[in-house]
């Protein structure tokens, strides 16, 4: 009985918005770290690494909000975004060695965490602005790819999302699961966590087992 009472009290006092904000901060830190790792590996200076980390972390969300005509921009209202980006980038620059053999692993792990968090954030923001499901899914993808594309272009790399990686497909799968659970009446926080876990798992499995999409070729 005590357990049931505690569970009931937890569910009545739990605010899903605080969980979403936490996911947003996790995504910001993860993308800031991924930008810093690649910039550091390319021997950028302190400010170069910081610039790359900023555009990686807030680039996609900025484009999303501009498309939705959502003003003022999120990072202009809440300075904790830029503060967190700056601190995480500087800490990473201090402790991360650019010639580490684990550069690729660190980069893909942090990028995957950002992928999971930002897909969900992008979808929920679009949904809250009245976007239909296909548009919300598209804006979820935009939220997660724009920053990474800018990062890779600055660092003279082929953008990850333009390669044969299981990336956008993982994002879309998680997004579709989110809406499916939502329509079934599942609690919002369960749908959120399930979607993020699905995206993260698919992406990490794709990295682990080298899953790739084949290119389309016309044979004659």
**OP:** Find all pairs meeting these conditions: Cβ atoms under 8 angstrom apart; at least six residues apart or on different chains; first residue within the range 20-37 and on the phi > 0 side of the Ramachandran plot; second residue part of a helix (DSSP H, G or I) and at pLDDT 95 or above.
**Re:** none
**OP:** Please tell me if residue 87 is over 18 Å from residue 151 (Cα atoms) and at pLDDT 95 or above.
**Re:** yes
**OP:** Keeping to the range 90-111, report how many residues are farther than 16 Å from residue 204 by Cβ, modelled with pLDDT of 90 or more and surrounded by fewer than 22 Cβ atoms within 10 Å (Cβ to Cβ).
**Re:** 4
Original post:
Out of the range 178-195, which residues are under 16 Å from residue 118 (Cβ atoms) and either in contact with a strand residue (DSSP E or B) (Cβ under 9 Å, 6 or more places away or on another chain) or at pLDDT 95 or above (or both)?
Top reply: 178, 195
**OP:** Hey, could you check the range 152-168 for residues that are within 14 Å of the chain's Cα centre (by Cα) and part of a helix (DSSP H, G or I) and say which is nearest to residue 39 (Cα to Cα)?
**Re:** 160
Original post:
For the range 19-42, does any single residue satisfy the condition of being outside any helix (DSSP H, G or I), exposed (fewer than 15 other Cβ atoms within 10 Å of the Cβ) and either at pLDDT below 90 or out of contact with any strand residue (DSSP E or B) (no Cβ under 7 Å at 6 or more places or on another chain) (or both)?
Top reply: no
Subject >> Enumeration of residues in the range 65-111 that are assigned to a helix (DSSP H, G or I), in contact (Cβ under 8 Å) with a residue 60 or more places away in the chain and within 19 Å of residue 129 (Cα to Cα) >> reply: 65, 67
Original post:
Which residue, of 56, 62, is assigned to a helix (DSSP H, G or I) and either in contact with a strand residue (DSSP E or B) (Cβ under 6 Å, 6 or more places away or on another chain) or crowded, with 21+ Cβ neighbours inside 10 Å (or both)?
Top reply: 56
Original post:
Restricting the range 178-220 to residues that are touching a helix residue (DSSP H, G or I) at 6+ places or on another chain (Cβ under 7 Å), within 28 Å of residue 107 (Cβ to Cβ) and touching a residue at least 60 places away in the same chain (Cβ under 8 Å), which is surrounded by the most Cβ atoms within 10 Å (Cβ to Cβ)?
Top reply: 199
Subject >> Criterion (modelled with pLDDT under 95, in a helix (DSSP H, G or I) and crowded, with 16+ Cβ neighbours inside 10 Å) met by exactly one of 175, 114, 140 >> reply: 114
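The values are calculated or read from the model by the stated rules, or taken from the named source; none is laboratory data. Keep in mind that what you see is a predicted model, and the values were worked out from it rather than measured. Don't worry about glycine lacking a Cβ; one is built from the backbone with ideal geometry, like all the others, and counts go over all protein chains shown.
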